[in-house]
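All remarks here apply to the structure that follows.
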Amino acid sequence: MAEPADGADDLLATRRRKLEALRASGVDPFPHEFDGVEPIEAVRAAHSGLAAGDETSVGHRVAGRLAARRGQGKMAFLDLVDRSGRLQLQARVDELGVDGMDRLLGLDLGDLIGVDGVAFMSRRGELSLRVQGFVLLAKSLRPPPEKHHGLTDVETRFRRRELDLMANQEARELFILRARVISAVRGFLDAEGFIEVETPVLQPLYGGAAARPFTTHHNALDREFYLRIATELYLKRLIVGGLERVYELGKDFRNEGVDSTHNPEFTMLEWYEAYADYLDVAERCERLVSTVASSIGYSGEFDLSPPWRRETLPEAIRTRTGIDIMEMHDRDSLAGAMSARGLSVPKDEGWPKLVDELVSKHVEPTLLEPTFLMDYPVELSPFAKRHRSVPGLVERFEAYVGGMEIANAFTELNDPDEQRRRFEEQRALAGAGDVEAQPYDEAFVEALEQGMPPTGGIGIGIDRLVMVLTGRRSIREVVLFPAMRD
RNA sequence: GCCGCCGUAGCUCAGUUGGCAGAGCAGCGGACUUUUAAUCCGAGGGUCGCAGGUUCGAAUCCUGCCGGCGGCACCA
């Protein structure tokens, strides 16, 4: 409430005052449109051959946010930023008049403006527009982040992503690249005969992954629903229905911990393909990732081109720890072998969890180059088909890059009676307190009883794929608005 | 959940042994017709995350809480 004058008022009040002054002088600070805008990138492309000092008579209309200002008085330079880049504007009093000059220089950094100007190459060799006319497109009532250091505070960058995007070009580029990844994924699958489908996010019963769900309530039906943890079971029902090749790209929700590779809601791609097995799926997976990578110009630390390394899970555990899980099929002998080698043994956990421990502690961190880890114990995989030649295993792989799981796939179990038995086993685990055990899904089993062709299916974590393709180490860097505490 | 580090102006950051709260950018007033983080002059701007405690005196030391990051645990 302090009175204006000089610096006694705060930054917001100053901007509000300017807003009111504009209105008082008949300027609409929030006009409705600005037609015919050219992306800054296109303006640059049109003048790539100019040399320092060259003038043109080519006019351009651009629009964006005012990002910097140099100079005052009779001539000044300003920087305008749009999605595609940054362009210097030159403001001259002999072009704009004293009044126009004052109005242009009276704008605040952060204001959105539209500009008509003529291209020229400055003495220092920077492409610029000599401003002939401009219009305020939206007044900014809050100060933008600092113009040199940008916005670096991690918490602010995530909570107020709009500030990150306006201040940091890398942030803009990253999310544009993410969009291109998703577009390339669709293009790849569409071209290979898959159709994109949408299945329920709100589900009466959840399933398809080992995870705890979020619950919500439907008022009119007066019943609980779950937010899906996977799309798997519905998609397989579409395979039963004869759609043959389907994929879904969308959010899954898992009510579990948050860390650098887990966000409670995340983007998952799943596809299912009739008459295929997990080897076919692996081949398509490595081809998809490699194709998407080259379509976005990936040049990171990994060689993503096919074929990826393949290693069986029992073999991977044996070479890392010397333990042969195929020879130790009861909990006690495996636990004994682990403690004999000085490895920590999770208490009160059964054989499957011990295997899981060995894989996540001793195998996964070593899988840096793209690798398919193949053939998992049946106990860990309630929806995967038994291995055609190795008892106790299923035809399943997880794909790893940089020590991080990016995909999980199997030859789908299509024997309804065995699926029923697997659900019974899950029910027993749930009874023993496993909060992630699969709930029994009778509708799914009945669908399998209609007859499902041999099918291969996969889930690929899109956020993690984007992490790999952009070299980011935290999932929060590739999700626009990651989950944060209040 | 446990451990460690961090939280100071709109933004980026200093702040010594516990002794008046600092700089740059941004903003405000002014000068400047080819700047590139423009420069120069002037005057402003603070819930030092929050709440307690110790002390003559706390941004600084102690406790608790909130938030962030990292690690562990959990988690396909």
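Bear in mind that the values in this text are calculations on the coordinates, not laboratory data. Please read these numbers as outputs of a predicted model, since none were measured by experiment. FYI the Cβ positions are ideal-geometry reconstructions off the backbone, even for glycines, and counts take in every protein chain you see.
Points to keep in mind about this one:
- The lysines whose alpha-carbon is closer than 29 Å to the alpha-carbon of A:K361, local same-chain residues fewer than 8 away aside, are A:K251, A:K347, A:K353, A:K385.
- Within straight-line cross-link reach of A:K139, lysines at Cα separation under 16 Å, skipping those fewer than 8 residues along the same chain: A:K18
- Within the shell defined by Cβ-Cβ distances under 10 Å, the residues around A:V131 carry a net charge of 0, with Lys and Arg each +1 and Asp and Glu each -1.
- In terms of Cα atoms, the Rg and Dmax of segment A:8-144 work out to 15.0, 49 Å.
- Alpha carbon centroid spacing (whole Å) that separates segment A:420-486 from segment A:34-112: 51
- With all pairs of different C-alpha atoms in the average, the Kirkwood value for the hydrodynamic radius of chain A is 26.6 Å.
- Label zone at A:L279 (point 7 Å along Cα-to-Cβ), backbone N below 12 Å, segment A:385-400: A:388-389
- Pair-distance distribution of segment A:406-486: all C-alpha pairs, bin width 5 Å, starting at 0; shares per bin in whole percent are 3, 12, 14, 13, 14, 12, 12, 13, 5, 0.
- Summing +1 for each Lys or Arg and -1 for each Asp or Glu among the other residues whose beta-carbon sits under 15 angstrom from that of A:R44 gives -3.
- Average Cα contact separation per residue, segment A:8-144, under 8 Å, 6 or more apart, as relative contact order %: 30
- In summary, no lysines lie within cross-link reach of A:K147, defined as a Cα separation below 17 angstrom excluding same-chain residues under 8 places away.
- Think of segment A:8-144 as a dipole: +1 on every Lys or Arg Cβ, -1 on every Asp or Glu Cβ, centred on the Cα centre; then among A:A67, A:A138, A:G26, A:A67 lies furthest on the positive end.
- Segment A:193-253 - convex hull of alpha carbons, volume per residue in Å³: 89
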